[in-house]
Amino acid sequence: MKIAILSDIHEGLNRKKTGADIVGLLKESLAQHAPDVFIISGDVTAGSEKSLALLKRLQTELPDLQILFVHGNHDLYYEDSTNAYEKLLEFDGNLGNGPVHLNEEWIVIGDGGWYDYTFGIEGFTEQEFSTGRFNDFTWPDKVYAHWPENDVAITDKYLTKLENWLSWHQEKNIILVSHFVPFAHFVQVKNDLSWDFFNAMMGSKEIGGLAEKYAVKKMIFGHIHTRYHEEYRGIDCICNPLGYYPHEWSGNSAREEINSALKIIEI
Ligand SMILES: [Fe+2]
Ligand SMILES: [Fe+2]
């Protein structure tokens, strides 16, 4: 079984900046690689309505492909992020609806998740991280995402949900998917506070804790716009973002970038 993996497509921004039909090119690339399953680990575009429309378009145009999705922070940009989360559940392949059995052996479990500052650098309090402000920069989620509870409480809810699903399916080969980063190992520390402060918003070590506790085979995530595919703590870890044009792209065209970014694995 062939699985394609991509995150952080940021369709709106990349389309506006490149002038290219990002979803059209993605569809082209998927048709070429012909995977059985396509796992999108968050940040399709900004706003739940738009993300939902893009997911539906892709699924309608590629009816034989099983598209599985978890939301990113950008997909939840809305006046009420709980509402945005629920809206996105209208997409059947949203893993927030529950685990998906790929075959007798393999199961995909996931949800977007959130962050609880467990990757926060020393010297700052939870209260300081919760403002999302350092010097003159405000973390965009603080402006565009609106949760009824604080970040730590929101993250906890995701963790509880994921742990339930994981504990019910321990006999299977598990692919765990989240948007946010599971291990500090993948979080870049630059010794520059204007960057490192925001590592608190990269993910949660508790996601990695669950991955280890339930011995998942593969861990797929996104959010950090750096590509990784390596074995870490016995888990095949894949972070495969498209990222932002132009500074995070290396291809000569949107077609080339999307085509080379799409990761294909076999199980
Ligand atoms: Fe992103
Ligand atoms: Fe993100």
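Side notes on the structure shown:
- Positive-pole candidate from 209, 174, 225, dipole of the chain, charges at beta carbon: 225
- Among 219, 1, sorting on how many other beta-carbon atoms sit within 10 Å of each Cβ, with the fewest leading, yields 1, 219.
- Candidates 27, 56, 213, ranked by Gaussian network fluctuation over the chain, Cα under 10 Å, top entry: 213
- Rounded to 5, percent antiparallel among DSSP beta bridges of the chain: 35
- Computed magnitude of the charge dipole of the range 61-200 (debye, nearest 20; Cβ of K, R +1, Cβ of D, E -1): 160
- Neighbour-count order for 124, 186, 69, fewest beta carbons within 10 angstrom listed first: 124, 186, 69
- If only the Cβ of Lys and Arg carry +1 and only the Cβ of Asp and Glu carry -1, the dipole of the range 2-266 around its Cα centre is close to 460 debye.
- Within the listed set 256, 90, 104, the residue fluctuating most in the Gaussian network model of the chain (springs between alpha-carbon atoms under 10 angstrom) is 104.
- Placing pseudo-labels 7 Å out from each Cα toward the beta carbon at residue 190 and residue 171 gives an inter-label distance of 4.9 nm.
- Relative exposure of 152, 216, 177, 143, judged by other C-beta atoms within 10 Å (fewest first): 143, 152, 216, 177
- Most mobile listed residue (199, 240, 150) in the chain, GNM with C-alpha springs under 10 Å: 150
- In Hz, Karplus ³J(HN,Hα) per residue of the range 25-37 (6.51, -1.76, 1.60; θ = phi - 60°; x = Gly, Pro): 5, 5, 4, 4, 5, 5, 4, 5, 6, 6, x, 8, 10
- Modelled spin labels at residue 33 and residue 49, positioned 7 Å past Cα toward Cβ, are 3.1 nm from each other.
- Only helices enter the 222 nm calculation for the chain: every DSSP H run of n ≥ 4 contributes -39,500 (n - 2.57), and dividing by all residues gives -10000 deg cm²/dmol, rounded to 500.
- Straightening the chain between residue 153 and residue 128 buys 7.4 nm, computed as 0.36 nm per residue apart minus the Cα-Cα spacing.
- Which of 143, 235, 164, positive extreme of dipole for the chain (C-beta unit charges): 235
- Computed about the Cα centre, the dipole magnitude for the range 1-42 is approximately 120 debye when only Lys and Arg (+1) and Asp and Glu (-1) carry charge, each at its Cβ.
- Cα centroid separation - the range 197-228 against the range 20-91, whole Å: 20
Since every read-out is calculated from the coordinates, none of them should be taken as a lab result. Note that the structure is a prediction, hence the values are computed from the model and not measured. As a convention, Cβ positions derive from the backbone with ideal geometry for all residues, glycine included, and neighbour counts pool all protein chains shown.
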